[in-house]
There are 4 protein chains.
Amino acid sequence: MAYSHFISEVLVRPDDIDMNNHVHNSKYLDLVLAARYEQMTRDYKMSMDDFIQRGLGWVVSACFIQFKRALVLGDTAVVKTGIMEYGTHSAKVGFEIFRKETNKLSADGYFEYTLINLKTGRAEKLPDDIIQKYSI
Amino acid sequence: MAYSHFISEVLVRPDDIDMNNHVHNSKYLDLVLAARYEQMTRDYKMSMDDFIQRGLGWVVSACFIQFKRALVLGDTAVVKTGIMEYGTHSAKVGFEIFRKETNKLSADGYFEYTLINLKTGRAEKLPDDIIQKYSI
Amino acid sequence: MAYSHFISEVLVRPDDIDMNNHVHNSKYLDLVLAARYEQMTRDYKMSMDDFIQRGLGWVVSACFIQFKRALVLGDTAVVKTGIMEYGTHSAKVGFEIFRKETNKLSADGYFEYTLINLKTGRAEKLPDDIIQKYSI
Amino acid sequence: MAYSHFISEVLVRPDDIDMNNHVHNSKYLDLVLAARYEQMTRDYKMSMDDFIQRGLGWVVSACFIQFKRALVLGDTAVVKTGIMEYGTHSAKVGFEIFRKETNKLSADGYFEYTLINLKTGRAEKLPDDIIQKYSI
């Protein structure tokens, strides 16, 4: 990650567990999303709501995830995220999920987000002040 | 159910299954919701979108469900719903969920919905034409 | 609630939010479940795993919930649960969900759980030592 | 896709919709999973259960998805999947999700699955008869 990364703890819930007795694959993306929302507000000081106030939104354009070690019931996920790079209209956010109890890597990957204008639905050039706020 | 009931089939998906290898408890409510949405459009000819167009929405004020026989992976839920009664601002919708393969009852219960004005967020008296449309 | 009640905090996650911009109805049951799991381990000192070790499991036989005030993104749910009464093979667990920020009631209701023998799948008489452990 | 692909229809449910009024990102993976399960049984004639009977299981080791056009409430997803290639212990399954109403691409990507021995939890060499069954 080219920029600072931040850390959030997200508790695994019973409804995250699937028939294989570990966190369901797609739920790992939700754990990252929960962490990212917290970090936007707490660490970048510009929350998703602040974007919406400005008529802007972030949509996921792509996502990659590798699964290393399954999280199970009772685990707490330690989710580290940080910006890897900017495109003209996009930002690539890397993530690593650790199992708190062992500090071992559970999954890693990235999300590609595109900034959109909420009125038009079209991609929007990243405003300088936002790049600045997010380039800590 | 005092009025007509309608039937929808909803396929159980792998992400509905929990660590006990059957459909997760709270997901039964989602199966009913999916059926109800289909029936509003297909059977009552007034979809949720039509309500929203009129500035109205339905919110759940209460829900009761009894679990009889678990649904498992590969099952299709046959969901029967119908209006049980109207209040001034509300409607009580009964439901029964059957396992298609055996035609045996899996769960039953009801939802109480309150009609709200989307602008004010306040409860709205049920308009006569809506009662008529839904009293088939 | 006839017996002690316990409290857990559960953070609302972005994937809990539905198209109405509040926590999806069925997810409230998952918030209660998450709280209950924590309390079984932390407060009753007999976790779901401990039951499974003894060849026992709890299945939900019924559930009732009333919705008072919606939880939204960013909220923390304060979930209070406690045993209301015992049946021969069952326990009734009451719950109240509060929005932490305002301390106002968001939802309340109860779950009826039946104790089952995991080998036979049949209802099992509540053992005395379990009643004792859970009657604090 | 190097081998045959198969098609399943999966109806979008109201609980799949998130605060942005389209299918929640992570739920696209669940739509693919639902399609794949159906196709394992219906098209490959060797269901997930058949694998489990033989003491084998598939775990996801990686996943990539690109989002093109959002699915919304009322949509039916047409999910095409097919095997792209085999590794010694793995299979790469490509997918495309179309919106049925318009036949336009909604998302595409792939899953990498590793075959494991359910007793040991270790990766298992793909048996020849399974490769044959799945190389149609």
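A count restricted to the stretch C:30-64 and to residues that are free of Cβ contacts under 8 Å to residues at least 12 places away in the same chain and of a type in the set (G, A, S) stands at 1. Note on the stretch C:37-59: residues that are among the β-branched types (V, I, T) and at the interface with chain B (Cβ under 9 Å from one of its Cβ atoms) total 1.
Screening C:D16 against (1) within 13 Å of chain A (Cβ to nearest Cβ); (2) surrounded by 18 or more Cβ atoms within 10 Å (Cβ to Cβ); (3) over 17 Å from C:K100 (Cα atoms); (4) among the acidic types (D, E) leaves a single unmet condition, (3). Look at C:S135 and say whether it is of a type outside the set (F, W, Y) and touching a Leu at 6+ places or on another chain (Cβ under 8 Å). No, not satisfied.
The residues on offer are A:L56, A:L73, and the sole one that is more than 30 Å from D:S90 (Cβ to Cβ) and not aromatic (F, W, Y) is A:L56. Among the residues of the stretch D:12-26, are any under 15 Å from the mean Cα position of the chain (by Cα) and either of a type outside the set (S, T, N, Q) or at pLDDT 95 or above (or both)? Among the residues of the stretch D:12-26, at least one is under 15 Å from the mean Cα position of the chain (by Cα) and either of a type outside the set (S, T, N, Q) or at pLDDT 95 or above (or both), which makes the answer yes. The single residue among C:A62, C:A77 that is more than 8 Å from every other protein chain (Cβ to nearest Cβ), closer than 26 Å to D:R13 by Cβ and surrounded by 17 or more Cβ atoms within 10 Å (Cβ to Cβ) turns out to be C:A77.
Scanning the stretch C:21-43 for residues that are surrounded by 19 or more Cβ atoms within 10 Å (Cβ to Cβ) and either among the charged types (D, E, K, R) or assigned to a loop (DSSP other than H, G, I, E, B) (or both) yields a count of 6. Within the set C:S106, C:S90, the sole residue that is more than 17 Å from C:H22 (Cβ to Cβ) and of a type in the set (S, T, N, Q) turns out to be C:S90. The number of residues in the stretch D:7-29 being touching a residue at least 12 places away in the same chain (Cβ under 8 Å), closer than 19 Å to A:S61 by Cβ and small (G, A, S) comes to 0.
When you check A:L71 against the structure, is it of a type in the set (A, V, I, L, M, F, W, C), part of a loop (DSSP other than H, G, I, E, B) and surrounded by 19 or more Cβ atoms within 10 Å (Cβ to Cβ), yes or no?
When the stated conditions are applied, A:L71 passes them.
Considering the stretch A:1-10, the residues that are modelled with pLDDT under 95 and hydrophobic (A, V, I, L, M, F, W, C) include one that is surrounded by the fewest Cβ atoms within 10 Å (Cβ to Cβ), namely A:A2. Residues that are hydroxyl-bearing (S, T, Y), under 20 Å from C:E112 (Cβ atoms) and not in a loop (DSSP other than H, G, I, E, B) do not occur anywhere in the stretch C:44-54.
Return only the number of the condition from (1) in contact (Cβ under 8 Å) with a residue 40 or more places away in the chain; (2) facing another protein chain (nearest Cβ under 10 Å); (3) polar (S, T, N, Q) that B:S4 does not satisfy. Going through (1) in contact (Cβ under 8 Å) with a residue 40 or more places away in the chain; (2) facing another protein chain (nearest Cβ under 10 Å); (3) polar (S, T, N, Q) one by one, B:S4 breaks only (2).
Comparison of B:E112, B:E96 shows that the only residue that is more than 14 Å from every other protein chain (Cβ to nearest Cβ), in a strand (DSSP E or B) and crowded, with 19+ Cβ neighbours inside 10 Å is B:E96. Scanning the stretch B:80-93 for residues that are touching a Lys or Arg at 6+ places or on another chain (Cβ under 8 Å) and in a strand (DSSP E or B) yields a count of 6.
The values are calculated or read from the model by the stated rules, or taken from the named source; none is laboratory data. What you see is a predicted model; the values in this text were computed from it and never measured. Glycine gets a Cβ as well: all are built from the backbone with ideal geometry, and neighbour counts include every protein chain shown.
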